[in-house]
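Below: the structure, in structure tokens.
The values are calculated or read from the model by the stated rules, or taken from the named source; none is laboratory data. None of these values were measured; they are calculated from a predicted model. Cβ atoms come from the backbone with ideal geometry, glycine included; neighbour counts cover every protein chain shown. Side chains are part of the model used for accessible areas, which takes the heavy atoms of the whole protein and leaves out ligands, DNA and RNA. Shrake-Rupley method; radii C 1.70, N 1.55, O 1.52, S 1.80 Å.
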Amino acid sequence: FQAEDGIRDAQESRGLGDVYKRQHFFRATGGGFAVSDRLTDRIRWVVHDFTSGIPPCTNCDLLFMRNNLLTYYDPSIAASVLKRALGCLREGGLLVIGNNETPPAGDFPLQATAAYRCIFRKASGAV
């Protein structure tokens, strides 16, 4: 997945239904699909190391923390970093973690979503 360009190859997009692809992906790109400009123009892609500094944004709608922090870091570091990262996520925003990951033990303002076990919504009234 080439996130900044909004491109998915055929293998990565195999789980998306054809109707979904037609609604959200409008052009084929060498065996894959490209996300429509109306979506990519509204996305700000930021890469940040949450272990080493203040988050570069606030009030984010979506945070991807897949297959890294919760898998490879000590649980105490993961908990501290997750708390910091959640500070930049808006109320109702979504956190996406790896499919086989779970948030570390602690009091995190997260609600599991019904559709996917790896997607969490930041709870209302959370800081």
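In segment 44-61, the qualifying residues are those that are open to solvent by less than 80 Å² (accessible area, probe 1.4 Å) and within 12 Å of the chain's Cα centre (by Cα), and the one that is nearest to G92 (Cα to Cα) is C60. If you check S52, S80 for being under 24 Å from T113 (Cα atoms) and without any contact (Cβ under 8 Å) to a residue 12 or more places away in the chain, only one passes: S80. If you go through segment 47-64 one residue at a time, do you hit one that is of a type in the set (F, W, Y), out of contact with any Leu (no Cβ under 9 Å at 6 or more places or on another chain) and at pLDDT below 90? No, segment 47-64 contains no residue that is of a type in the set (F, W, Y), out of contact with any Leu (no Cβ under 9 Å at 6 or more places or on another chain) and at pLDDT below 90.
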